[in-house]
Amino acid sequence: MTSHYTALEALLADRYTCRTFRPDAVPQETIESMLRLAQRTPSWCNTQPWHLTVTADPAATARFRKALLSHIEGTAADPDIPFPAAYTGIYRDRRKECGAALYTAVGVPKGDHAGSLRQMLRNFELFDAPHVAILTTEADLGTYGAVDCGLYLQSFLLSAQSLGVATAPQAALATYSPFLHDHFAIPANRQVVAGISFGYPDSAHPSNSFRTTRAPLDEAITWAS
C-alpha cells in the first residue's frame, strides 16, 4: 500500500464523533490550516457552494450555546432542508444500534426517557466544544449544492483529524435554521446543511468510549458486468 493510502486509512479509522470536548481553544492557525485543506474539496462545475460561519473563540461559542438552548424551549423544528421522512428497515436498525451504543456508554438504560432527553440536549450544548462551524449551501444550487457540501464536510472532518482536532458533525443544529440565520446573520439565499462542533476531545469521558460499525462491502456494493 502507498503511504497516502495508509495515511487516509488511519484518518478514517481513527475519526469518530466526539461527544464531550475539553474547554481548550484551538489555535487560530490550526483552524486556518484545517480550512485550507478542506477548501481543496471537489465540487460540481467547481462551484464551491459551501460557506462556513465559525466561532473564533470559546466566548463566542458560549454566547451562541446559551442563546440556542434558550431558543429551542418550546420552538418547533424548522430546517432549511427537509429532514428524512422516515427511517425504515436497515436504516432504522443502524440508527438504533448507534443510539443504543451511546446510551450504554453514558449509562442511560432503555426506557429512561429523562436520561435520553438529557443526552439529546447535549447536541444543543455543542457537547461543550469551544468552537462551532455552521455549514451552508447556496439555495439555487439545490440537491447538488448540498451534495458538494457533504463532500466539504468530510474534508473538514478529516483535515481536523489530521491535526489532532476532534469533531462532531451535527444535523441537529440545522433543526433550528431560522435561529441560526438570525444569530449569525446568514443570508436568506443560504441554506443550513449542518453544524460542526470541534475542539480537543475529553478522551476519558464515557461518551467518547464507543465506536459505530460499518456495513460490509456486499451490503453497499453491486458489481455490474
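Every residue, every condition in (1) closer than 19 Å to ALA129 by Cβ; (2) part of a helix (DSSP H, G or I); (3) touching a strand residue (DSSP E or B) at 6+ places or on another chain (Cβ under 9 Å), yes or no:
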residue: LEU153; (1), (2), (3): yes, yes, yes
residue: PHE156; (1), (2), (3): yes, yes, yes
residue: PRO169; (1), (2), (3): yes, no, yes
residue: LEU173; (1), (2), (3): yes, yes, yes
residue: ALA194; (1), (2), (3): yes, no, yes
residue: PHE198; (1), (2), (3): yes, no, yes
residue: ALA204; (1), (2), (3): yes, no, no
residue: SER207; (1), (2), (3): yes, yes, no
residue: ALA215; (1), (2), (3): no, no, no
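When you look at LEU158, is it open to solvent by 10 Å² or more (accessible area, probe 1.4 Å), under 13 Å from the mean Cα position of the chain (by Cα) and either aromatic (Phe, Trp, Tyr) or farther than 16 Å from THR17 by Cβ (or both), yes or no?
So LEU158 does not fit the description; no.
Out of all the residues in region 70-91, is one or more touching a strand residue (DSSP E or B) at 6+ places or on another chain (Cβ under 6 Å), of a type outside the set (Val, Ile, Thr) and in a helix (DSSP H, G or I)? No, region 70-91 has no match at all.
Can we say TYR87 is without any contact (Cβ under 8 Å) to a residue 40 or more places away in the chain and farther than 21 Å from THR20 by Cβ? For TYR87, the condition - without any contact (Cβ under 8 Å) to a residue 40 or more places away in the chain and farther than 21 Å from THR20 by Cβ - is met. Taking the criterion of being surrounded by 12 or more Cβ atoms within 10 Å (Cβ to Cβ) and in contact with a strand residue (DSSP E or B) (Cβ under 7 Å, 6 or more places away or on another chain), the residues of region 181-192 that qualify are PHE184, ILE186, ARG190, GLN191, VAL192.
Taking region 7-23 as the range and being over 18 Å from PRO130 (Cα atoms) and part of a loop (DSSP other than H, G, I, E, B) as the test, only ARG15 passes. If you go through region 24-63 and keep only what is farther than 24 Å from THR137 by Cβ and either part of a loop (DSSP other than H, G, I, E, B) or without any contact (Cβ under 8 Å) to a residue 60 or more places away in the chain (or both), you end up with ASP24, ALA25, VAL26, PRO27, GLN28, GLU29, ASP57, ALA59, ALA62, ARG63.
Taking region 114-151 as the range and being in a helix (DSSP H, G or I), of a type in the set (D, E, K, R) and open to solvent by 40 Å² or more (accessible area, probe 1.4 Å) as the test, the residues that pass are ARG118, ASP128, ASP140.
The values are calculated or read from the model by the stated rules, or taken from the named source; none is laboratory data. This structure is a prediction, so every number in the text was calculated from the model and none was measured. A quick note on method: Cβ atoms are made from the backbone with ideal geometry, for glycine too, and the neighbour counts reach across all protein chains shown. Calculation scope for accessible area: heavy atoms of the full protein, side chains included, ligands and nucleic acids excluded. Shrake-Rupley method; radii C 1.70, N 1.55, O 1.52, S 1.80 Å.
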